[in-house]
Amino acid sequence: LPGDFYRDVSDFGSGETLNIKTIGEAQIQEVEEDVAINYSPIETGEVTLSITDYVGDGWYVTDKMRQDGAQIDQLLAVRGKEATRAIQEHFESRAFEVLNAAQTASNNNSINGFKHRFVATGTNATLTLADLIQMRLSFNKAEVPMAGRMAIVDPVVEATLNLTFNITSGTGDLAANATWQSIAESGFAREHTFVINLYGWNIVTSNRLPTIASETIDTVTVTTGVANIFMCIADDHCKPLMSAWRQQPRVEGERNKDKQRDEFVQTARWGLGAQRTDTLGVILTDATAIS
């Protein structure tokens with residue numbers, strides 16, 4: 001998960017819990033010449049972040065393996081990278097869990113009268129272009145900045161959109177349109193990122209979105225579903241997610257002479273929390289259906 005997807009508050013002091021002040025809305029007033037402006041205290045709220053995740057991985061290589069094997073040093077380097085990848089994937093999964101939990105389940109989580117959580121409206125709870133438009137409208141009514149709008153969707157959603165795409169509708173001469181030709185050849189997503197922006201959403205795919213056993217919103221139920229995350233990352237005060245690293249992934253090694261082997265351990269420690277919900281949206285889709 002790229003660092004610009006969350007607000008990094010790692011510079012707080014000691015302890016495991018951080019209380020972060022949030023700013024309320026400014027109240028505009030009429031100003032008259034020679035008349036004093038009314039002063040009011042800064043309206044603030046407070047959100048809490050705790051250091052909750054402490055994970056690691058350990059491995060070793062024996063002297064006998066070194067003596068009898070080949071390219072052991074290269075294998076150790078790869079093993080270290082695999083441990084880092086596993087920690088990063090766990091971090092991503094936990095980040096999406098925190099965002100999903102920031103909303104109230106089985107509720108449309110309305111902001112200014114427009115829902116920020118709903119079940120996809122396609123057949124078998126598949127995502128449609130109308131769902132992207134609906135979430136765009138909800139963000140617009142919540143006065144979320146246009147810049148930095150991101151959607152993290154399951155690969156099944158990308159497959160659904162690939163089926164939605166009509167190779168002849170609205171494309172003109174396909175051979176002369178490099179973007180549409182690329183979509184026709186390789187699909188909407190490449191290296192987890194969509195090749196075009198859809199209705200203001202910069203869309204990426206992830207296999208680590210939260211799973212939903214069963215949830216009903218506005219009488220519509222999805223079972224065995226996925227929570228697709230929509231959010232704004234225009235700046236640190238817009239981002240719905242914040243994170244604090246107490247310890248970035250770090251590898252340490254030592255010699256165990258009694259067991260005649262070299263031992264390695266990689267650990268990391270962090271905390272995640274939600275700081276806003278008005279810049280957050282969730283669309284629930286079926287985990288397997290594409291049409």
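Across region 42-72, what is the number of residues that are farther than 30 Å from residue 11 by Cα, of a type in the set (A, V, I, L, M, F, W, C), modelled with pLDDT of 80 or more and part of a loop (DSSP other than H, G, I, E, B)?
Of the residues in that region, 0 qualify.
Name the single residue, out of those in region 128-153 being small (Gly, Ala, Ser) and within 23 Å of residue 223 (Cβ to Cβ), that is surrounded by the most Cβ atoms within 10 Å (Cβ to Cβ).
151
When only residues in region 240-272 that are closer than 30 Å to residue 66 by Cα and of a type in the set (A, V, I, L, M, F, W, C) count, which is modelled with the lowest pLDDT?
Selected residue: 251.
Of the residues 144, 157, 98, which is assigned to a loop (DSSP other than H, G, I, E, B) and either over 18 Å from residue 286 (Cα atoms) or within 17 Å of the chain's Cα centre (by Cα) (or both)?
Going through 144, 157, 98 in turn, just one is assigned to a loop (DSSP other than H, G, I, E, B) and either over 18 Å from residue 286 (Cα atoms) or within 17 Å of the chain's Cα centre (by Cα) (or both): 144.
With respect to the numbered conditions (1) assigned to a strand (DSSP E or B); (2) closer than 30 Å to residue 126 by Cβ; (3) aliphatic (A, V, I, L, M), which one is the sole condition not fulfilled by residue 265?
The one condition residue 265 does not meet is (2).
From the list 171, 211, pick out the single residue that is touching a helix residue (DSSP H, G or I) at 6+ places or on another chain (Cβ under 9 Å) and either polar (S, T, N, Q) or at pLDDT 95 or above (or both).
Sole residue among the options that is touching a helix residue (DSSP H, G or I) at 6+ places or on another chain (Cβ under 9 Å) and either polar (S, T, N, Q) or at pLDDT 95 or above (or both): 171.
Regarding residue 84, is this residue surrounded by 14 or more Cβ atoms within 10 Å (Cβ to Cβ) and assigned to a loop (DSSP other than H, G, I, E, B)?
Taking the combined requirement at face value, the residue does not satisfy it.
When you scan region 20-41, do you find a residue that is basic (Lys, Arg) and modelled with pLDDT of 85 or more, even just one?
No, that holds for no residue.
Sort out which residues of region 233-249 are part of a strand (DSSP E or B) and within 12 Å of residue 275 (Cβ to Cβ), and write them in order of number.
If the condition is that a residue be part of a strand (DSSP E or B) and within 12 Å of residue 275 (Cβ to Cβ), then 241, 242, 243, 244 are the ones that fit.
It is to be established whether one or more residues within region 115-127 are part of a helix (DSSP H, G or I) and either open to solvent by 60 Å² or more (accessible area, probe 1.4 Å) or at pLDDT below 90 (or both).
Yes, the conditions are met somewhere in region 115-127.
The values are calculated or read from the model by the stated rules, or taken from the named source; none is laboratory data. All values reported here derive from a predicted model rather than from experimental measurement. Neighbour counts run over all protein chains shown; Cβ positions are idealised from the backbone, glycine included. With ligands, DNA and RNA removed, areas are computed over all heavy atoms of the protein, side chains included. Shrake-Rupley method; radii C 1.70, N 1.55, O 1.52, S 1.80 Å.
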